[in-house]
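Asks: Sharing a structure, written as structure tokens. Questions coming.
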Amino acid sequence: MHFSFRRLLPSLIVFGPVLFAAADWPQFRGPHSAGVSTEKGLPTTWSESSGIQWKTSLPGFGASSPIVLKDRIYVTAYSGYGLDQDQPGEPGKLVREVVSLDANSGKELWKASFNSKGSEEPYQGFQALHGFASGTPSTDGKAIYAFFGRDGVVAVSLEGKALWQTSVGTKTHGWGSATSPALFENLVIVNASVESGSLVALDKNSGSEVWRAPGIDMSWSTPVLVAAGSATEVVLSSKGKITGFDPKTGKELWNCAGIPDYICPTVVAADGVVYAIGGRKNMAVAIKAGGRGDVTDTHKLWEAKAGSNVSSPVLFGGHLYWVSESKGIAYCVDAKSGQVVYEERMDPRPDRIYASPTIADGKIYVVSRESGAYVLAAEPKYQLLAHNKPLDSSIYNASPVPLGDGKLLLRSDKFLYCLGASN
């Protein structure tokens, strides 16, 4: 189903190449979906009484990470239902929101609300671990795009006006929906594995479906655009395989045997090589992009016994880094050989970690759900630089985001914090 809020979109929006500023963080895991920032001077330690530049109450809960465009922050949230597991309320009152904040002050500028059809999975079990606004929004500098599971993909103008809303499937899952949109030229590409078992591309301007690639099984992973020589591929990790698609047509270009289990982590890529990890099978693989057909025997570079169930890896200085979801083990793997450089249990041991790490200023920022934020050295020798206790009693599922000028965004269910040098 497709519903357009405006018929004048072609005259209102002109989509073209956008030059993002160095401090912009336009999608899940930032530029190139890599989780790496060139920002310097970021804080290592903070507390309720030190290092908080500003703190803003959010209009609802959410596991999504904020994104940054110039002097604006955009983040999704949900309200009306599913804020208390003992008294979740009425499903029909669920509302999703796209929120814009001033990056300098944290002041809310606008909020675009989308009423739910009330047919998502009940707020219980694994669904309650992250709620109903788990996908990070994306921007091309012209509009904001967000994915709200069964309630579809939405586009919102930079001024907060709803532009269109399109369904990409009607199925649900007890674990909920959690993938983020990827943007390519005039397309919004969404992993709708839960909703329709498909990778779906929508036209940015109208929300109309452009192509659909079926056969996406048990994947909560966000698609990533990968440079393969002079071409661009969209790569997705799903149960049992990693697949490369033509982002213009959705045609499958290649596939490689992957992690034989459900997939949450998003791949990372550099220099034409794709790296994927998985959790319960404790497995990591590297594949050279650009092949055709089944490339398991020809393009699979290595396989390692190291993985993460939810959190995605980050690639920096020739090494992959991540922390496992429930064991609190920090990994460093040589990206060229697949050799495990270190495998260290963090102390104090964190509870579950759903957020993906971010690297900036020579540091790895790792956020746990309830045990606070850990800062590790971004080098192939394990070193815990700091452990920061939670700033409030709610849940932290979002990845940390560099804001520019030595500031760091940290999102909990209740608040968005801007962290900087100690006051």
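Asks: Pro380 is checked against (1) closer than 24 Å to Met283 by Cα; (2) within 21 Å of the chain's Cα centre (by Cα); (3) of a type outside the set (Val, Ile, Thr) and fails just one. What number does that condition carry?
Replies: (2)
Asks: Only one residue in Gly152, Gly141 is modelled with pLDDT of 95 or more, small (Gly, Ala, Ser) and in contact with a helix residue (DSSP H, G or I) (Cβ under 9 Å, 6 or more places away or on another chain), so which one is that? Step through it out loud before you land on a result.
Replies: On the way: Gly141 fails: in contact with a helix residue (DSSP H, G or I) (Cβ under 9 Å, 6 or more places away or on another chain).
Just a single option satisfies the conditions, and that option is Gly152.
Asks: Pairs, please: C-beta under 7 Å, at least 6 apart or cross-chain, first residue more than 16 Å from Ser394 (Cα to Cα) and in the stretch 126-150, second part of a helix (DSSP H, G or I) and not aromatic (Phe, Trp, Tyr)?
Replies: Gly149/Val194; Gly149/Glu195; Arg150/Glu195
Asks: Please tell me if Ser237 is under 20 Å from Thr136 (Cα atoms), polar (S, T, N, Q) and either without any contact (Cβ under 8 Å) to a residue 24 or more places away in the chain or not in a loop (DSSP other than H, G, I, E, B) (or both). Show your work before the answer.
Replies: Numbers: under 20 Å from Thr136 (Cα atoms): yes; polar (S, T, N, Q): yes; either without any contact (Cβ under 8 Å) to a residue 24 or more places away in the chain or not in a loop (DSSP other than H, G, I, E, B) (or both): yes.
Yes; evaluated as a whole, the condition is true for this residue.
Asks: Residues that are aromatic (Phe, Trp, Tyr), under 18 Å from the mean Cα position of the chain (by Cα) and part of a loop (DSSP other than H, G, I, E, B): does the stretch 263-276 have at least one?
Replies: Taking the stretch 263-276 first, the residues aromatic (Phe, Trp, Tyr) are 275.
Now narrow it down to the ones that are under 18 Å from the mean Cα position of the chain (by Cα): 275.
Of the ones still in play, those that are also part of a loop (DSSP other than H, G, I, E, B) are none.
Checked the stretch 263-276: no residue is aromatic (Phe, Trp, Tyr), under 18 Å from the mean Cα position of the chain (by Cα) and part of a loop (DSSP other than H, G, I, E, B).
Asks: If you don't mind, another one. Check every one of the strands (runs of 3 or more DSSP E) wholly within the stretch 338-384 and list those with 2 or more residues that are touching a helix residue (DSSP H, G or I) at 6+ places or on another chain (Cβ under 9 Å). Step through it out loud before you land on a result.
Replies: Values: elements: 340-345, 358-360, 363-367, 373-377.
Result: empty, no element qualifies.
Asks: Could you pull out the residue among Val333, Val375 that is within 20 Å of Ser33 (Cα to Cα), surrounded by 15 or more Cβ atoms within 10 Å (Cβ to Cβ) and either of a type outside the set (Asp, Glu) or in contact (Cβ under 8 Å) with a residue 60 or more places away in the chain (or both)? Break it down into steps so the answer makes sense when it comes.
Replies: On the way: Val375 fails: within 20 Å of Ser33 (Cα to Cα).
From the options Val333, Val375, the qualifying one is Val333.
Asks: Would you point out the residue of the stretch 385-405, among those that are in a loop (DSSP other than H, G, I, E, B) and either at pLDDT below 95 or among the β-branched types (Val, Ile, Thr) (or both), that is farthest from the chain's Cα centre (by Cα)?
Replies: Quick first cut of the stretch 385-405, residues in a loop (DSSP other than H, G, I, E, B) only: 389-400, 405.
Filter again for either at pLDDT below 95 or among the β-branched types (Val, Ile, Thr) (or both), leaving 395, 405.
Numbers: Ile395: 17, Asp405: 23 Å.
By that ranking, first place goes to Asp405.
Asks: Determine, yes or no, whether Thr232 is surrounded by fewer than 20 Cβ atoms within 10 Å (Cβ to Cβ) and within 23 Å of Val273 (Cβ to Cβ).
Replies: Working: surrounded by fewer than 20 Cβ atoms within 10 Å (Cβ to Cβ): yes; within 23 Å of Val273 (Cβ to Cβ): yes.
It is true that Thr232 is surrounded by fewer than 20 Cβ atoms within 10 Å (Cβ to Cβ) and within 23 Å of Val273 (Cβ to Cβ).
Asks: Among residues belonging to the stretch 71-103 that are among the polar types (S, T, N, Q) and crowded, with 16+ Cβ neighbours inside 10 Å, point out the one that is farthest from Gly152 (Cα to Cα).
Replies: To start, the set of residues in the stretch 71-103 that are among the polar types (S, T, N, Q) comprises 76, 79, 85, 87, 100.
Checking the rest, the ones that are also crowded, with 16+ Cβ neighbours inside 10 Å come to 76, 79, 100.
Values: Thr76: 14, Ser79: 17, Ser100: 20 Å.
Filtering first and then ranking leaves Ser100.
Asks: Just give me the residues in the stretch 230-257 being at pLDDT below 95 and either under 23 Å from Arg29 (Cα atoms) or of a type in the set (Lys, Arg) (or both), in sequence order. Give the derivation first.
Replies: From the stretch 230-257, those at pLDDT below 95 are 230; that's our starting set.
The answer is none; no residue qualifies.
Asks: With the requirement that a residue be in contact (Cβ under 8 Å) with a residue 60 or more places away in the chain and either on the phi < 0 side of the Ramachandran plot or among the aliphatic types (A, V, I, L, M) (or both), what does the stretch 151-173 give you?
Replies: Result: Ser157, Leu158, Lys161, Ala162, Leu163, Trp164, Gln165, Thr166, Ser167.
Asks: If Tyr321 passes every condition in (1) surrounded by 18 or more Cβ atoms within 10 Å (Cβ to Cβ); (2) touching a strand residue (DSSP E or B) at 6+ places or on another chain (Cβ under 7 Å); (3) outside any strand (DSSP E or B) but one, which one does it miss?
Replies: Evaluating Tyr321 over (1) surrounded by 18 or more Cβ atoms within 10 Å (Cβ to Cβ); (2) touching a strand residue (DSSP E or B) at 6+ places or on another chain (Cβ under 7 Å); (3) outside any strand (DSSP E or B) leaves (3) as the failure.
Asks: Take the residues in the stretch 240-262 that are in a loop (DSSP other than H, G, I, E, B) and of a type in the set (D, E, K, R); name whichever of them is surrounded by the most Cβ atoms within 10 Å (Cβ to Cβ). Before the answer, list the steps.
Replies: Filtering the stretch 240-262 down to residues in a loop (DSSP other than H, G, I, E, B) leaves 240, 246-251, 258-262.
If we keep only those that are of a type in the set (D, E, K, R) as well, we get 246, 248, 251, 261.
Working: Asp246: 15, Lys248: 15, Lys251: 11, Asp261: 17.
By that ranking, first place goes to Asp261.
Asks: Of all residues in the stretch 153-193, how many are buried (at least 18 other Cβ atoms within 10 Å of the Cβ), within 20 Å of the chain's Cα centre (by Cα) and farther than 19 Å from Pro223 by Cβ?
Replies: So the count comes out to 1.
Asks: Now for a separate question. Look through Asn309, Asn282 and report the one residue that is surrounded by fewer than 21 Cβ atoms within 10 Å (Cβ to Cβ), polar (S, T, N, Q) and touching a Gly at 6+ places or on another chain (Cβ under 6 Å). If you could, list the steps in order and put the result at the bottom.
Replies: Numbers: Asn309 fails: surrounded by fewer than 21 Cβ atoms within 10 Å (Cβ to Cβ).
Being surrounded by fewer than 21 Cβ atoms within 10 Å (Cβ to Cβ), polar (S, T, N, Q) and touching a Gly at 6+ places or on another chain (Cβ under 6 Å) holds for just one of Asn309, Asn282, which is Asn282.
Asks: Taking Arg369, is it within 20 Å of the chain's Cα centre (by Cα) and of a type in the set (Lys, Arg)?
Replies: On the way: within 20 Å of the chain's Cα centre (by Cα): yes; of a type in the set (Lys, Arg): yes.
The answer is yes for Arg369.
Asks: Sticking with this one: Please determine whether any residue of the stretch 114-124 is farther than 23 Å from Thr166 by Cα, modelled with pLDDT under 95 and not basic (Lys, Arg). Give the steps one after another, and end with the answer.
Replies: To start, the set of residues in the stretch 114-124 that are farther than 23 Å from Thr166 by Cα comprises 123-124.
When the remaining residues are screened for being modelled with pLDDT under 95, the result is 123-124.
With not basic (Lys, Arg) added as a condition, the list becomes 123-124.
For the stretch 114-124, residues farther than 23 Å from Thr166 by Cα, modelled with pLDDT under 95 and not basic (Lys, Arg): present.
The values are calculated or read from the model by the stated rules, or taken from the named source; none is laboratory data. This is a predicted model, so every value here is computed, not measured. Virtual Cβ from ideal backbone geometry, glycine too; neighbours counted across all protein chains shown.
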